[in-house]
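The values are calculated or read from the model by the stated rules, or taken from the named source; none is laboratory data. What you are looking at is a predicted structure, and each value in this text was computed from that prediction instead of being measured. Virtual Cβ from ideal backbone geometry, glycine too; neighbours counted across all protein chains shown. What goes into the accessible areas is simple: the full protein's heavy atoms, side chains included, and nothing from ligands, DNA or RNA. Shrake-Rupley method; radii C 1.70, N 1.55, O 1.52, S 1.80 Å.
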Amino acid sequence: MRTAYPVETVRAAERELMARVPEGALMQRAAAGLAVVCAEVLGKVYGSRVVLLVGGGDNGGDALYAGARLARRGAGVSAVLLSPERVHGGGLAAFRAAGGRVVAGEGAEGVLGRADLVVDGIVGIGGKGALREPAARLAGAVRALGTPVVAVDLPSGVDADSGVVVGEAVRADVTVTFGAYKPGLLIDPGREYAGVVRLVDIGLEPGAAGAAGGEVEAFQYADVASLLPMPTGESDKYRRGVVGIVAGSARYPGAAVLAVAGALRGGAGAVRYVGDAADAVIARFPETLVSAGPPSKAGRVQAWVAGPGLGDDAGRLAEVVAAEVPVLIDADGLRLADAGAVRGRAAPTLLTPHAGEAAALLGVARDEVERGRMAAVRELAGRYGATVLLKGSTTLVAGREGAVRVNPTGTPWLATAGSGDVLSGLAGALLAAGLGARDAGSVGAYLHGLAGRHAADGAPVGAHDVAEAIPAAWRDVRGD
């Protein structure tokens, strides 16, 4: 599990560690790790040209100490001081002693144009809001040049706690972060600006610094593998989980087919379908148990999935919401669901909106959700008293309590019609198998993202291809 901690927690861990180690030790550890990564990006240090963009405070100090190390290895290193009056004194002295050259602000564009590598040490994790001049201008100039960029701890202009970017920001090829991941490195749009993230261990223990848990968690293979429901010799369809699906309509029969596909490929022991697309479902998946409805008369289920392609069938949706088993609500179901009824449910509820649907539920513009994904998913979870899976470039899963989970496996090829219907069926099958809503959403998103990668392999795919690739993703996670 990758765990990212908010700035306040990281700062507390830094204070605790600095009280136990010699003065300056943490900065030297950070600078050493930063210099190593810079050398890897350069390939050959001797004779290379490196430009440091140096702000005030410790972030600039890290860059200067790392620049000194590179200069001692034969690189030509120039430092552009954006806040000379606040520059880190010790770092600047070490930089000059190693042969580094300080460049006045008006000469910045000239040295940038000749650089083999730019190191972004403008603003650290405490930075808030848009970059000011001349930092904003230099960030734009670096991006226009296309020179490789290594960011110190966090790309300047990215909010460390949320990933929000306001105005200009540095786009890094690699971000070297110290001691702990920060949420803004894992959540778009910040994640896109961060590039490849390299964690340098400087001895921090943020989990022991008074925080109850991480702000953001990102699953890895082992985490998902430990939660996958596997059949045993005593398994039957009910022990594996029967999922009911209320989806599709005369206008959108494909939504039902794709949701059923996701559920079957996601390990459901059986799928009961209730809706107006029974013929289409049976034609594609004859093993499906179809019913004319209503849902309460369809037979025993361990979880319901409701909403994809449902149209305006509020009656069936209301009956599913009233059920005493876990429920996943997606697509049209999000529009039809009564918020009070959802909040009043005793059994787990998982909502799976994309940004547009989330914006409609919150009564805000879509771009507001996309700019502040973590705030949006938390707000929805609080309003509905449910677990929310916010789909998009960074899929987030948030419950009423605990850390927000970010899915690391998504691919842009999943931005195709019906892909979300497949995810609904998959996550519904995991709910029926006994996973809690937060785990079902997290595991479902992880497998869905991997399936998208397997199916696409660098080329366009349809949602049905994603469903068919779920078993390959499952085997991948388990190492089979």
Would you mind telling me the share, in percent, of accessible area of the chain contributed by carbon and sulfur at probe 1.4 angstrom?
-> 50 percent
Cα to Cα, under 20 Å, and not fewer than 8 places away if on the same chain: which aspartates and glutamates meet these conditions relative to Lys237?
-> Glu287, Glu324
Hey, which lysines would be in cross-link range of Lys182, C-alpha to C-alpha under 19 Å, not counting anything within fewer than 8 residues on its own chain?
-> Lys128
With the other protein chains left in place, how much accessible area per residue, in square angstrom, belongs to the chain at a 1.4 angstrom probe?
-> 40 Å²
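Suppose the chain between Arg132 and Glu192 were pulled fully straight at 0.36 nm per residue; how much longer would it get relative to their current alpha carbon spacing?
19.5 nm
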In whole percent, what relative contact order does the stretch 371-410 give with Cα contacts below 8 Å and a gap of six or more residues?
-> 32 percent
Rounded to the nearest 20 Debye, what is the dipole magnitude of the stretch 327-372 about its Cα centre when Lys and Arg each give +1 and Asp and Glu each give -1 at the C-beta?
-> 180 debye
Estimated inter-spin distance, Arg73 and Ala346, nm [label 7 Å along Cα→Cβ] = 6.3 nm
Taking a ≥ b ≥ c as the square roots of the eigenvalues of the Cα gyration tensor of the stretch 1-66, is the shape rounded (a/c under 1.5), prolate (a/b larger than b/c) or oblate?
-> prolate
Could you name the aspartates and glutamates in cross-link range of Lys391, using Cα to Cα under 18 Å and dropping any fewer than eight places away on the same chain?
-> Asp188, Glu192, Glu217, Asp330, Asp332, Glu357, Asp367, Glu368, Glu370, Glu379, Asp421, Asp439
What nm distance separates the two modelled labels at Arg86 and Leu228, each placed 7 Å from Cα along Cα→Cβ?
-> 5.0 nm
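Can you tell me the order of 2-11, 124-133 when each peptide is scored by its average per-residue count of other Cβ atoms within 10 angstrom, highest first?
Working: 2-11: 21.0, 124-133: 16.3.
By packing density, highest mean first, the sequence is 2-11, 124-133.
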Toy charge model, Lys and Arg Cβ at +1, Asp and Glu Cβ at -1: the chain dipole around Cα centroid in debye, rounded to 20, equals 640 debye
Extension length gain for Ile282 and Leu199 (0.36 nm per residue less Cα distance), in nm, is 24.9 nm
Which whole-Hz couplings ³J(HN,Hα) result when phi for each residue of the stretch 40-45 is put into the Karplus expression 6.51 cos²θ - 1.76 cosθ + 1.60, θ = phi - 60°, listed in order with x for Gly and Pro?
-> 5, 5, 5, x, 10, 7
For the stretch 43-146, just run the numbers: alpha carbon Rg, then divide by 2.2 N^0.38 Å, N being how many residues it has.
-> 0.99
Would you kindly state how much longer the chain becomes between Asp367 and Ala339 on full extension, computed as 0.36 nm times their sequence separation minus their alpha carbon distance, in nm to one decimal?
-> 7.8 nm
What FRET efficiency comes out for the pair Glu401/Tyr238, r = Cβ-Cβ distance, R0 = 35 Å, nearest 0.05?
-> 0.70
Hey, what D do you get for the chain in µm²/s if you plug the Kirkwood alpha-carbon radius into Stokes-Einstein at 37 °C and 0.692 mPa s?
-> 137 µm²/s
For the stretch 12-23, in residue order, the Karplus 3J(HN,Hα) values (coefficients 6.51, -1.76, 1.60; θ = phi - 60°; whole Hz; Gly and Pro = x) are 5, 5, 5, 4, 5, 6, 4, 6, 10, 10, x, 4
Hey, what do the phi angles of the stretch 176-192 turn into as Karplus ³J(HN,Hα) couplings, whole Hz, using 6.51/-1.76/1.60 and θ = phi - 60°, x for Gly and Pro?
-> 9, 10, 10, x, 6, 5, 10, x, x, 7, 10, 10, 5, x, x, 4, 5
222 nm [θ] for the chain, helices only, -39500 (n - 2.57) per DSSP H run of 4+, per residue, to 500?
-> -12000 deg cm²/dmol
Quick one: check the C-alpha center-to-center distance for the stretch 440-478 versus the stretch 149-182, whole angstrom.
-> 29 Å
May I ask you to rank Val461, Val443 by accessible area, largest first, using a 1.4 Å probe over the protein chains only?
-> Val461, Val443
Sort 153-162, 90-99 for me by packing, meaning the mean count of neighbouring Cβ atoms within 10 Å per residue, highest on top.
-> 153-162, 90-99
Please list the non-local residues whose amide H lies under 5 Å from the amide H of Val50, H modeled 1.01 Å from N, same-chain partners needing a gap of 5 or more.
-> Gly76, Val77, Ser78, Asp116
